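Undergrad: Before anything else, here's the structure in question.
The values are calculated or read from the model by the stated rules, or taken from the named source; none is laboratory data. On a predicted model such as this, the values are computed, not experimentally measured, just so you know. Here Cβ is always computed from backbone atoms with ideal geometry, including for glycine, and neighbour counts include all displayed protein chains. Only protein heavy atoms, including side chains, enter the accessible area calculation; ligands, DNA and RNA are left aside. Shrake-Rupley method; radii C 1.70, N 1.55, O 1.52, S 1.80 Å.
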Amino acid sequence: LFMYKSVGVIGGGSWGTTLADLLAKKGHSVTLWAYENELVREMQDRRENSLYLQGIRLADNLCFTDSLQDVVSDKQLLLFVVPSQVLSGVLAATIPYIQAGAILVSASKGIEVDTLKLMSQVYEELLSPEHYRRFAVLSGPSFAREVALEMPTAVVAAAADSFVAKEVQDAFTCSYFRVYTNSDVTG
């Protein structure tokens, strides 16, 4: 199983923290970005995100930052889990730092309120064709706390390129988190 030397997770809410923790527990080298620097400090010092995942201890090898440049630079896999209403601004701010060949995954839920665009449409609009070819969506019926407690969950990694979907599947799948692949990014 290929391990990513460098994973950046952008979004320190319950779902972003849970997925970052899952990836770190699998042995990936993961840095989690949160907007609130006091939350970053708490997660570093206490190994807990009490704001969103109270009582869940985070993996010892999980790193934290409040710098978008640091979380994105030189990362092989980028997971965006920010609220839909701030995605376009956060994504635009990270684009200059995304390395060629990185796989980009969206796990944000919802639509952009002002434009009614789907998250995948925001990515397609903002990313270069090269980056968008390596884009996938991770979605499914899931609850952050259940996954954080390692309850069995199944989701889908959808990407236009089956290789990208398989890479995402391999990165995330573990004993309690099963990832299926699909080519229907919109669906």
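Undergrad: Only one of these conditions is not met by ALA92: (1) open to solvent by 30 Å² or more (accessible area, probe 1.4 Å); (2) touching a Leu at 6+ places or on another chain (Cβ under 8 Å); (3) under 21 Å from SER139 (Cβ atoms). Which number is it?
TA: (3)
Undergrad: If you don't mind, another one. Look through region 172-187, keep the residues that are touching a strand residue (DSSP E or B) at 6+ places or on another chain (Cβ under 6 Å) and at pLDDT 95 or above, and return whichever of them is most open to solvent (accessible area, probe 1.4 Å). Even if it seems obvious, please write down each step before you answer.
TA: Applying the first criterion (touching a strand residue (DSSP E or B) at 6+ places or on another chain (Cβ under 6 Å)) to region 172-187 yields 172-173, 177-182, 184-185.
If we keep only those that are at pLDDT 95 or above too, we end up with 172-173, 177-182.
On the way: PHE172: 0, THR173: 51, PHE177: 0, ARG178: 137, VAL179: 4, TYR180: 113, THR181: 70, ASN182: 74 Å².
Ranking the qualifying residues of region 172-187, first place goes to ARG178.
Undergrad: Being of a type outside the set (Asp, Glu) and surrounded by 17 or more Cβ atoms within 10 Å (Cβ to Cβ) is true for just one of LEU104, LEU126, LEU149, LEU116. Which residue is that? Full working, then the answer.
TA: Details: LEU126 fails: surrounded by 17 or more Cβ atoms within 10 Å (Cβ to Cβ); LEU149 fails: surrounded by 17 or more Cβ atoms within 10 Å (Cβ to Cβ); LEU116 fails: surrounded by 17 or more Cβ atoms within 10 Å (Cβ to Cβ).
Testing whether each residue is of a type outside the set (Asp, Glu) and surrounded by 17 or more Cβ atoms within 10 Å (Cβ to Cβ) leaves just LEU104.
Undergrad: Take ILE111 and tell me if it is open to solvent by less than 80 Å² (accessible area, probe 1.4 Å), closer than 23 Å to SER14 by Cβ and either among the hydroxyl-bearing types (Ser, Thr, Tyr) or out of contact with any Cys (no Cβ under 6 Å at 6 or more places or on another chain) (or both). Can you show your working first?
TA: Numbers: open to solvent by less than 80 Å² (accessible area, probe 1.4 Å): yes; closer than 23 Å to SER14 by Cβ: yes; either among the hydroxyl-bearing types (Ser, Thr, Tyr) or out of contact with any Cys (no Cβ under 6 Å at 6 or more places or on another chain) (or both): yes.
Taking the combined requirement at face value, the residue satisfies it.
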